[in-house]
1. Residue by residue, what Karplus-based ³J(HN,Hα) values in Hz, rounded to whole numbers, does the range 65-77 have, using 6.51, -1.76 and 1.60 with θ = phi - 60° and x for Gly and Pro?
2. Nothing charged except the Cβ atoms of Lys and Arg (+1) and of Asp and Glu (-1): what's the magnitude of the dipole of the chain about its Cα centre? Round to the nearest 20 debye.
3. Using each residue's phi in the range 41-48, evaluate 6.51 cos²θ - 1.76 cosθ + 1.60 at θ = phi - 60° and report the 3J(HN,Hα) Karplus result to the nearest Hz, with x for Gly and Pro.
4. Would you mind finding the longest exposed-site-free stretch of the chain, with exposed GluC sites (Glu not before Pro) meaning DSSP loop and at most 12 other Cβ atoms within 10 Å?
5. For the pairs Lys72/Lys153; Lys18/Lys39; Lys4/Lys30; Lys136/Lys181; Lys18/Lys192; Lys4/Lys39, note any where the Cα-Cα span goes beyond 20 Å.
6. Using alpha-carbon positions, what is the distance between the centroids of the range 17-89 and the range 94-119, in Å?
7. Any idea which of Val40, Phe57, Leu194 is furthest toward the positive side of the dipole for the chain, if Lys and Arg beta-carbons carry +1 and Asp and Glu beta-carbons -1?
8. Kindly provide the trypsin sites (Lys or Arg not before Pro) of the range 137-175 that DSSP labels as loop, not H, G, I, E or B, and whose Cβ sees at most 11 other Cβ atoms within 10 Å.
Amino acid sequence: MDIKFLIEKGFKVVLYKKGEIIYEPDTPPKAVYFIKSGKVKMVTVNQDGNEFIQGIFKSPEYFGEPALLLNKPYLAYTVALQDSEIIVVDKNNFLNFLELDTAFSMRLILNLSNRLFYKSMMLEELANEHAEHRVKTMLNYLLKDLSPGEELKVTRQQMADMTGLRVETVIRIIKHPDLQKGFKLVRGKIVKELT
């Protein structure tokens, strides 16, 4: 299942402007959202208004499928981080794709497993009181899929939101030379070290 296939099948591309909410918590699931271009964050907000980023999605990724498959309300906000083109696939069509395209179904299972693994890892890390350990674990996870010399495209604020820390704490930890293992700072950007 790719973006080109969905467009050929007649699914419409919807433009969401930067900062626009795609769906909110406690709303019933109606669709799965495939990203043609742009970036979307999935975020929960506590009573004090602090955000915790559950995930960041980009093309050609998709989101919204867990709530749809379970027929449970969404648990988080999804917000466009930049102007984003998104293909909205309604529940009936999505379920039909799962039945007819076994390769897509297998990729979905792997995708959901990867997200579950990430959530389990982050839950364990958030229980850890040491901020350095949280940041190191999160960085190791984010860097693992990058090629050597590639820049990490996550802001310090997003890292803080992913770890439940203040942005100042994340910056202090990242700048500490003893903690820079597997990456280096190049003009303030985190770059995966060459192996």
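1. 6, x, 4, 5, 5, 8, 6, 10, x, 4, 9, 9, 7
2. Value, rounded to 20: 500 debye.
3. Those phi angles translate into 10, 9, 9, 9, 10, 7, 5, 8 Hz.
4. 1-128
5. Exceeds cut-off: Lys72/Lys153; Lys4/Lys30; Lys18/Lys192.
6. That distance is 17 Å.
7. Leu194
8. Lys144
Taken together, the values in this text are just the output of simple stated rules run on the coordinates, not laboratory data. Predicted, not measured: the structure shown is a model, and the values here were computed from it. All Cβ positions, even for glycine, are placed from backbone atoms using ideal geometry, and neighbour counts span all protein chains on display.
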